[in-house]
Amino acid sequence: MVKIYDAIIIGGGPAGCSAALHLAYHKRKVLVLDRGTSPMHFHTNSILNFSGSVYHEGRSLLRNIQGEARAAGAEFIAADVVQIAGRFPKFTVRTEPSYRTNDKNEYHAKTLLIATGTSRKHPKVDGMWRGWLPVANVGNGAFYCPDCEAPLCKDKEVLIVNAGTVGSALHVANALTRFTDKIQILMTEDAYVPFEQQDLLKLENSPFKWTSGKIKSIDFPRPGVIQSVTLTDGRKLKANVFFVAFVDISRSELAQQIGIEVDGKGNIITDHRGKTNIEGVWAAGDVRAITQQVAMAVGTGNYAALMMNQFLGNEHEEGEEFDHPDYRRALHID
């Protein structure tokens, strides 16, 4: 007999795990399919925007949330989802092996939550973005979010490594001025937005020191204290920390397979509760057009799960009026 979950959550970051925890607490059969590639799986920087403690290490925080969801009864499988199909109350989710997972299967659920996040475009080192990964979000040596991490740069020498546009570099630089005046911008000439198309006049008119070039190598003997990039022309730029002005792309391809609406940047469009235009499907976390913070991801995941639980209802709620009348009782499949 085919097992049918009440909910399948695609993505095991803070949003997906928070949703799994809520649904599992409410005795829903919930499955989290996670390929383990979100930044939080590797994040060892400090997290300051999550209440309850002065300091969290990202990777440890995620493991704690996952552990709580498992303890509540949520099922987790390391899997790379390649296809979703169907309509409420019969969704099918197909997985295939990837470089991090071995699962090849089909799973079935009444409802879905898309929590697939975004894909960050890292700076290139010797022409390859993977060369940046050893320092990405590691040991408070390289930051990405000025809303989350600018305070960690207090009184430090910061090299802004631009992988996007002049506008993104200046946004980061301006946010950092409340914490440090030791700021230099590196405009990488192999960025994802062509260098020759950049409005460099804005940099010339800014108060910030800047240069351009391509990164040949990175060195971080003491992350957050002593680190540098060496350019292809031999110049070495030293700093205490790097701050990446990056490009990101919403991972909404799966959602679009079943007609979920996205905006011009690929972010999934939802109502304020996380409900998409497809009946029985919600979205949470960075795949929506929200500020990329752990606290935001956890909150949107929990809100979506709360609505999913109300939507699923139970046999005692036939005809009952809810506070949110657009959430009707779901059909039940045994």
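Please treat every number below as a calculation from the coordinates, not as lab data. Note that the structure is a prediction, hence the values are computed from the model and not measured. FYI the Cβ positions are ideal-geometry reconstructions off the backbone, even for glycines, and counts take in every protein chain you see.
General observations
- The magnitude of the dipole of the stretch 121-247, with charges of +1 and -1 set on the Cβ of Lys/Arg and Asp/Glu and taken from the Cα centre, is near 320 debye.
- Estimated dipole of the stretch 212-283 in Debye, rounded to 20 [Cβ of Lys and Arg +1, of Asp and Glu -1, Cα centre]: 620
- For the pair Arg63 and Ala78, the difference between a 0.36 nm per residue extended length and the Cα-Cα distance amounts to 4.0 nm.
- Within the stretch 1-75, chymotrypsin sites (Phe, Trp or Tyr not before Pro) in DSSP loop having at most 12 other beta-carbon neighbours inside 10 Å: Tyr55
- The order of Trp282, Trp129, going from fewest to most other C-beta atoms within 10 Å of their C-beta, is Trp129, Trp282.
- Sequence-separation-based contact order of the stretch 113-251, relative, with Cα cut under 8 Å and 6+ spacing, percent: 35
- Exposure rule at most 10 other beta-carbon atoms within 10 Å, DSSP loop trypsin sites (Lys or Arg not before Pro): the chain longest free segment: 155-334
- Length-normalised contact order for the chain - Cα pairs under 8 Å, 6+ apart - percent: 20
- Under the Debye formula (equal points on every Cα, no solvent term), log10 I(q)/I(0) of the stretch 121-247 at q = 0.14 Å⁻¹: -0.51
- Estimated FRET transfer efficiency (Lys238, Lys90; beta-carbon r; R0 45 Å; 0.05): 0.20
- For a modelled paramagnetic label at Lys209, 7 Å from Cα along Cα-to-Cβ, the residues of the stretch 180-196 in reach, with backbone nitrogen under 18 Å, are 180-188.
- Which of Cys17, Cys153, Cys148 has the fewest Cβ neighbours within 10 Å, and the rest in rising order: Cys148, Cys153, Cys17
- Lacking any other cysteine beta-carbon closer than 4.7 Å, the following Cys residues of the chain have no compatible partner: Cys17, Cys153.
- A Förster radius of 51 Å, combined with the Cβ-Cβ distance separating Asp199 from Ala71, puts the computed FRET efficiency at roughly 0.45.
- Projection of the Cα convex hull of the stretch 222-315, averaged over all directions and equal to a quarter of that hull's surface, yields 9.7 nm².
- Label-point separation, Asn277 to Glu189 (7 Å along Cα→Cβ), nm: 4.4
- Scattering curve values for the chain, log₁₀ I(q)/I(0), Debye with Cα scatterers, q = 0.08, 0.16 Å⁻¹: -0.42, -1.27
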